[in-house]
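Could you have a look at this structure, given as structure tokens, before my questions?
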Amino acid sequence: MPSYTVSDPAARAGAILEIDLPALAANWQRLAAETAPAEAAAVVKADAYGLGIAQAAPALWAAGARAFFVAQLDEALALRSILPQATVYVLNGLMAGAEADYLARDLCPVLNSLEDLTRWKQISRERKRAAALQIDTGMSRLGLDARDLETLATEGSRAERVPISYLMSHLASADDPTSQQSADQLAEFLAARQRLSPRLGAARASLANSAGIFLGRDYHFDLVRPGSALYGINPKPGQPNPMRQVVRLKGKILQIREIDAPRGVGYGATWRAQGPTRIATVALGYADGYLRSLSNSGQALVGGHNVPVVGRVSMDLITLDVTAVPEAAVRSGAYAELLGPDLTADAVGQAAGTIGYEILTSLGHRYHRVYLEAAA
Ligand SMILES: *Cc1c(COP(=O)(O)O)cnc(C)c1O
């Protein structure tokens, strides 16, 4: 058999996703400095918001993060293998039938009900393992409601000998600084702590996600839980983004098509070239998380020029109108930037009728991923 050298993955791939780990680390450090003396955790659920927990978590640990939050138990088990020393919280709680995993792998559930609390008390009896206890102050999603709180306040034995590391709650409208809901939730959280005094009320507390951090010191308590801002999403919507951009997505131009008669582009011919038009076909599509709702609304950068996505996003391809770009700057094999410092996940989310979070967590698995490390 003739031997051959396996090709460069960048040459094979339709698109390249660059993840700037030093920028991620710098973002965590910026938030940690902003919130000290509170501790800054790192939320790395959903594969670190699509960026890759195997690379993101060690970078955050090296930056100084010691407490990590994931949503699911499987994510926590994976994280434990990556970071043997980290404190790992499972936001979705204590999964029935899988309790032994928390003990064996030293994972902390976020207890979301009195029933969770009772079960954790039973199974962690001898080991005195810490857990967080969530109070619902307005999300109406997970956590103790007002009635549970009253039960807990009056039946002190329920939480006896259960070490609660944090009383926590989650803000529903932190991304809207004009919303009254954050202040209402803060007041409800403070009242809940008061009501659970002295024992549980004295536990450390945690309320703020990324945007919550920027609502001010009153929201920081003992631990903040940023996720999105670490990955470059603007925690101050409507104001300049204080975070560094972490992702850059570059799609390869496969072909340039010159159209000179009126003619449709893409499925359903939802866009039609009216005069002489140059179309660049780029090798990524909705199967890669380039959302189909970006059909006729997305943007790309080609040779420094802003160009529109025209026609429908297909499974594996998109089409750009590059008529306005000088010919020398568009050729097959060149790259169109689809996400980056000048085309943020927030902006792409807006064009897609969603939020930057969904753009990041949709990032596909066919991209050639390049993790930029700190310069030695
Ligand atoms: C996802 C999540 C966070 C992080 O929120 P961001 O807005 O991404 O910073 C914090 N706390 C809880 C409970 C969460 O579910």
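Tally Lys/Arg at +1 and Asp/Glu at -1 over every other residue whose Cβ is under 12 Å from the Cβ of Thr151; what's the total? Don't skip to the answer; put the middle values down first.
On the way: positive: Arg147, Arg158, Arg195; negative: Glu115, Asp145, Asp148, Glu150, Glu155.
Cβ neighbours under 12 Å give a net charge of -2.
Work out the charge dipole of region 197-318 with +1 on the Cβ of Lys and Arg and -1 on the Cβ of Asp and Glu about the Cα centre, then indicate which of Ile279, Asn241, Gly303 is farthest towards its positive end.
Value computed over the given set: Asn241.
Here is a follow-up. Please report Rg (one decimal) and Dmax (integer) in Å for the Cα set of region 133-214.
Considering region 133-214 through its Cα atoms, Rg and Dmax are 12.8, 41 Å.
Here is a further query. Could you give the angle, 0 to 90 degrees to the nearest 10, between helix 181-195's Cα long axis and the longest principal axis of the Cα atoms of the chain?
Once rounded, the angle reads 20 degrees.
Per Stokes-Einstein, at 37 °C and 0.692 mPa s, what whole-number D in µm² s⁻¹ belongs to the chain, with the Kirkwood radius over Cα pairs as the hydrodynamic radius? Show your work: numbers first, answer last.
Values: Rh = 22.7 Å.
Stokes-Einstein gives a translational diffusion coefficient of 145 µm²/s.
Which Cα, out of Ala56, Gly201, Val325, lies furthest along the positive dipole direction of the chain (beta carbon charges, K/R +1, D/E -1)?
Checked the options; the winner is Ala56.
Between helix 21-35 and the chain, what is the angle of the helix's C-alpha long axis to the longest principal axis, kept within 0 to 90° and rounded to the nearest 10?
That helix lies at roughly 40 degrees to the long axis.
For the chain, what does -39500 (n - 2.57) per DSSP helix run (n ≥ 4), summed and divided by total residues, give at 222 nm, in deg cm²/dmol to the nearest 500? Before the final figure, lay out each step's value.
Values: 12 runs with 102 residues, N = 376.
Calculated mean residue ellipticity at 222 nm is -7500 deg cm²/dmol.
Over the heavy atoms of Asp175, what accessible area does a 1.4 Å probe trace out, to the nearest 10 Å²?
Asp175 exposes around 90 Å² with every protein chain in place.
Rank Thr151, Thr178, Thr277 by mean-square fluctuation in a GNM of the chain with C-alpha springs under 10 angstrom and give only the top-ranked residue.
Ranking Thr151, Thr178, Thr277 by mean-square fluctuation puts Thr178 first.
Order 349-362, 161-174 from most to least packed using the mean count of other Cβ atoms within 10 Å.
Values: 349-362: 19.3, 161-174: 20.8.
Final packing ranking: 161-174, 349-362.
Would you list, by chain and number, the aspartates and glutamates whose Cα falls below 14 Å from the Cα of Lys45, excluding same-chain residues fewer than 8 positions away?
Candidates past the 8-residue exclusion: Asp74, Glu75, Glu358.
How many nm separate the modelled label positions at Glu373 and Asp74, each set 7 Å beyond the Cα in the direction of the Cβ?
3.0 nm
Same structure again: Specify the angular offset, from 0 to 90 degrees and rounded to the nearest 10, of the alpha carbon long axis of helix 114-123 from the longest principal axis of the alpha carbons in the chain.
For helix 114-123, the angle is close to 80 degrees.
Any idea what Rg and Dmax come out to for region 21-231 if you just take the C-alpha atoms, in Å?
Rg and Dmax of region 21-231, Cα atoms, are 16.4, 49 Å.
The values are calculated or read from the model by the stated rules, or taken from the named source; none is laboratory data. Only a predicted model underlies this, so the values are computations on that prediction, with no experimental measurement involved. All Cβ positions, even for glycine, are placed from backbone atoms using ideal geometry, and neighbour counts span all protein chains on display. Just the protein is used for accessible areas: all its heavy atoms, side chains included, with ligands, DNA and RNA removed. Shrake-Rupley method; radii C 1.70, N 1.55, O 1.52, S 1.80 Å.
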